[in-house]
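J.: What follows is a structure written as structure tokens; I'll ask about it next.
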Amino acid sequence: MACGISCVDAALNRSFFRLGVFIGRHPGYFLIVPVLLALLCMTGYQQIKYEIDPEYLFSPIRGEGKSERAIVENYFKVNYTHRFNVGRITRPGRFGRVIVYAKDDDKNLLRSEVWKELRLLDGIIQNATAEYDGDRFTFRETCARWENECFTNDILNLDQIIDEVEAGDLNLTFPVMFNPVTWDAHVFPVFFGGTQVSEDNIIISVPSLQLVYFVTADSKRQDARGAAWEEAFLEAVGYAEDNGVFKHISVARFASRTLDHELEKNTRTVVPYFSSTFILMAVFSIVTCMMGDVVRSKPWLGLMGNVSAVMATMAAFGLAMYLGVEFIGINLAAPFLMIGIGIDDTFVMLAAWRRTSVKLSVPERMGHMMSEAAVSITITSLTDMLSFWIGIACPFPSVQIFCTYSGLAVCFTYLWHVTFFAACMAVSGHCEFKNLHAIFGYRVLPESVAIKGRFCC
């Protein structure tokens, strides 16, 4: 076992020594080719498939709930366009939902002025105009139907008797009551929330009420139209609520995509930190790579270590998109990890360079540096890649997608560091050999000639 490990270590040392010598002699190839490959891979961003469905991302691929739901849908399929039945719903579908509660001091909604505003709210929702594929439509054109009638909130028909209810001439009996005017069977627990009921099952007070508007989602096109209507619904209700259209009620709105958007909005909060994190890490790397000797100091290598990690991560993401892997918001955490890994590899390679003899030529120093540092970063990169790729076996798609992108990013970060960043080190080594200033690039006196050292200029 020990012999096998030592043989692998020796083989890696020899291979990376040769690679380091070759990079030291021809750094230009390893500067240009990785940049061109990164640009080529980045064109994959035009193939991005953005996924935000929480059920797909955060539920097991072959969970029992999904197989049991398939059985239910096989025998009790929902028909949105002809015989819609709420009791058969097994998926969120497309809908708009509002929760209404009193805005003024009187918390009871059983008032005529409240029901007038409920009718106004209902009109705003039904007249909200959406657009999809050049077609403009309202709720009535895309609503879920029973026979030829839209599924309605029959509780609004209480406006026919709300004056008698408010005056106390007519009582609402819980939980079900027939409307004496329209003969609707009002199932109050479906619409009323927090209802106060007397011992005789007479409704005393209703502090909240909900209205739900279902739209068709039998096909992909209908589902897309429903998504467009949801956007119009949220915008119309939000505008009415924010601009004081209602004097007696407050309205909270919700749609099938609300959870998706809120999760995505929460994830996107990390985006503003990209620039500040990169700047902070770049400054840290530049400062820690500096020395008292202005020739042997390597501030630009600290910056190029960050550039290499960012370039590799963007190239890896582009390749994953070319391969058809969905993109999710959680992937935005991966660049932070890759910058950390890249900076770690930068410090390992720079420390190995400084342990080489300054009397050797640049290709020889590169060979010794690569034979020492590249083996260690190879092992750490392999363990990181294996950790992420093992995560692909997880049954949750969100974890699979994140591990796929992160595993590719670790792989690319490693490859870019042993090629692109190594070439940057070779260029810096040639500058050091020529006694060029580490920051400004002009020639300075050799250390043996400089009287007070080479601390500044």
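The values are calculated or read from the model by the stated rules, or taken from the named source; none is laboratory data. It should be emphasised that the depicted structure is a prediction, and the values quoted were computed from it without experimental measurement. Cβ: placed from backbone, ideal geometry, glycine included. Neighbour counts: every protein chain shown. To get the accessible areas, we keep the full protein, side chains included, count just its heavy atoms, and leave off ligands, DNA and RNA. Shrake-Rupley method; radii C 1.70, N 1.55, O 1.52, S 1.80 Å.
J.: Check the range 190-210 and report whether any residue there is under 23 Å from residue 114 (Cα atoms) and assigned to a helix (DSSP H, G or I).
T.: Taking every residue of the range 190-210 in turn, at least one turns out to be under 23 Å from residue 114 (Cα atoms) and assigned to a helix (DSSP H, G or I).
J.: If you don't mind, there's one more thing I want to ask. Out of the range 307-339, which residues are small (Gly, Ala, Ser), part of a helix (DSSP H, G or I) and at pLDDT 90 or above?
T.: 308, 309, 312, 315, 316, 318, 320
J.: One residue is enough: does the range 234-247 have a residue meeting the conditions touching a residue at least 12 places away in the same chain (Cβ under 8 Å), open to solvent by 60 Å² or more (accessible area, probe 1.4 Å) and assigned to a helix (DSSP H, G or I)?
T.: yes
Okay, residues lined up against (1) touching a residue at least 60 places away in the same chain (Cβ under 8 Å); (2) of a type in the set (A, V, I, L, M, F, W, C):
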position: 50; (1), (2): yes, no
position: 61; (1), (2): yes, yes
position: 73; (1), (2): no, no
position: 84; (1), (2): yes, yes
position: 105; (1), (2): no, no
position: 111; (1), (2): yes, no
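J.: Now for a separate question. Does the range 383-417 hold any residues that are open to solvent by less than 10 Å² (accessible area, probe 1.4 Å) and either at pLDDT below 90 or within 15 Å of residue 37 (Cα to Cα) (or both), and which are they?
T.: Of everything in the range 383-417, those that are open to solvent by less than 10 Å² (accessible area, probe 1.4 Å) and either at pLDDT below 90 or within 15 Å of residue 37 (Cα to Cα) (or both) turn out to be 409, 413, 417.
J.: Identify, by number, the condition in (1) modelled with pLDDT of 85 or more; (2) touching a helix residue (DSSP H, G or I) at 6+ places or on another chain (Cβ under 9 Å); (3) open to solvent by 40 Å² or more (accessible area, probe 1.4 Å) that residue 16 doesn't meet.
T.: Every condition holds for residue 16 apart from (3).
J.: From the list 227, 217, pick out the single residue that is within 25 Å of residue 128 (Cβ to Cβ), within 45 Å of the chain's Cα centre (by Cα), at pLDDT below 85 and open to solvent by less than 70 Å² (accessible area, probe 1.4 Å).
T.: Sole residue among the options that is within 25 Å of residue 128 (Cβ to Cβ), within 45 Å of the chain's Cα centre (by Cα), at pLDDT below 85 and open to solvent by less than 70 Å² (accessible area, probe 1.4 Å): 217.
J.: Given 268, 257, which one is of a type outside the set (Asp, Glu), touching a residue at least 12 places away in the same chain (Cβ under 8 Å), open to solvent by 20 Å² or more (accessible area, probe 1.4 Å) and more than 23 Å from residue 98 (Cα to Cα)?
T.: 268
J.: Oh, and also: For residue 279, which of the numbered conditions (1) more than 26 Å from residue 176 (Cα to Cα); (2) in contact (Cβ under 8 Å) with a residue 12 or more places away in the chain fails to hold?
T.: Condition (2) is where residue 279 drops out.
J.: I would also like to ask the following. Can you find a residue in the range 159-171 that is at pLDDT 85 or above and either within 26 Å of residue 215 (Cβ to Cβ) or under 37 Å from the mean Cα position of the chain (by Cα) (or both)?
T.: yes
J.: Further, regarding this structure: Given the criterion open to solvent by less than 20 Å² (accessible area, probe 1.4 Å), touching a Leu at 6+ places or on another chain (Cβ under 8 Å) and farther than 23 Å from residue 124 by Cβ, identify the matching residue among 203, 162.
T.: 203
J.: Can you tell me which residue is farthest from the chain's Cα centre (by Cα) among those in the range 174-200 that are exposed (fewer than 12 other Cβ atoms within 10 Å of the Cβ) and small (Gly, Ala, Ser)?
T.: The extreme case among them is 198.
J.: Separate question: Can you name the number of the only condition in (1) open to solvent by 80 Å² or more (accessible area, probe 1.4 Å); (2) at negative phi; (3) of a type in the set (Phe, Trp, Tyr) that residue 132 fails?
T.: Only one criterion is unmet by residue 132, namely (1).
J.: Moving on. Kindly evaluate residue 302 against the criterion of being open to solvent by less than 10 Å² (accessible area, probe 1.4 Å) and not hydrophobic (A, V, I, L, M, F, W, C).
T.: When the stated conditions are applied, residue 302 passes them.
J.: Then there's this: Among residues belonging to the range 137-159 that are aromatic (Phe, Trp, Tyr) and closer than 20 Å to residue 87 by Cβ, point out the one that is least open to solvent (accessible area, probe 1.4 Å).
T.: Keep residues of the range 137-159 that are aromatic (Phe, Trp, Tyr), which gives 137, 139, 146, 151.
In the following step, the residues that additionally are closer than 20 Å to residue 87 by Cβ were identified as 146, 151.
Details: 146: 127, 151: 64 Å².
The extreme case among them is 151.
J.: Could you tell me which of the residues 292, 329, 342, 318 is in contact (Cβ under 8 Å) with a residue 60 or more places away in the chain, under 27 Å from residue 431 (Cβ atoms) and either under 19 Å from the mean Cα position of the chain (by Cα) or loosely packed, with under 15 Cβ neighbours inside 10 Å (or both)?
T.: 292
J.: Inside the range 35-127, counting only helices (runs of 4 or more DSSP H) that do not spill past its ends, which hold 2 or more residues that are exposed (fewer than 15 other Cβ atoms within 10 Å of the Cβ) and within 27 Å of the chain's Cα centre (by Cα)?
T.: By residue number, 54-58, 64-75.
J.: Something else: Against the definition (part of a helix (DSSP H, G or I) and either under 25 Å from the mean Cα position of the chain (by Cα) or aromatic (Phe, Trp, Tyr) (or both)), how does residue 304 come out, yes or no?
T.: Details: part of a helix (DSSP H, G or I): yes; either under 25 Å from the mean Cα position of the chain (by Cα) or aromatic (Phe, Trp, Tyr) (or both): no.
It is false that residue 304 is part of a helix (DSSP H, G or I) and either under 25 Å from the mean Cα position of the chain (by Cα) or aromatic (Phe, Trp, Tyr) (or both).
J.: I need the full set of residues from the range 381-414 which are under 18 Å from the mean Cα position of the chain (by Cα), in contact (Cβ under 8 Å) with a residue 40 or more places away in the chain and within 21 Å of residue 318 (Cβ to Cβ), in order please.
T.: Within the range 381-414, 397, 398, 401, 402, 404, 405, 406, 408, 409 meet the criteria.
J.: What pairs come out if I take residues in the range 160-175 that are closer than 13 Å to residue 195 by Cβ and assigned to a loop (DSSP other than H, G, I, E, B) and pair them with residues that are modelled with pLDDT of 85 or more and open to solvent by 60 Å² or more (accessible area, probe 1.4 Å) whose C-beta lies under 6 Å away, six or more apart or interchain?
T.: Short answer, once both residue conditions are applied: 174/201; 175/189.
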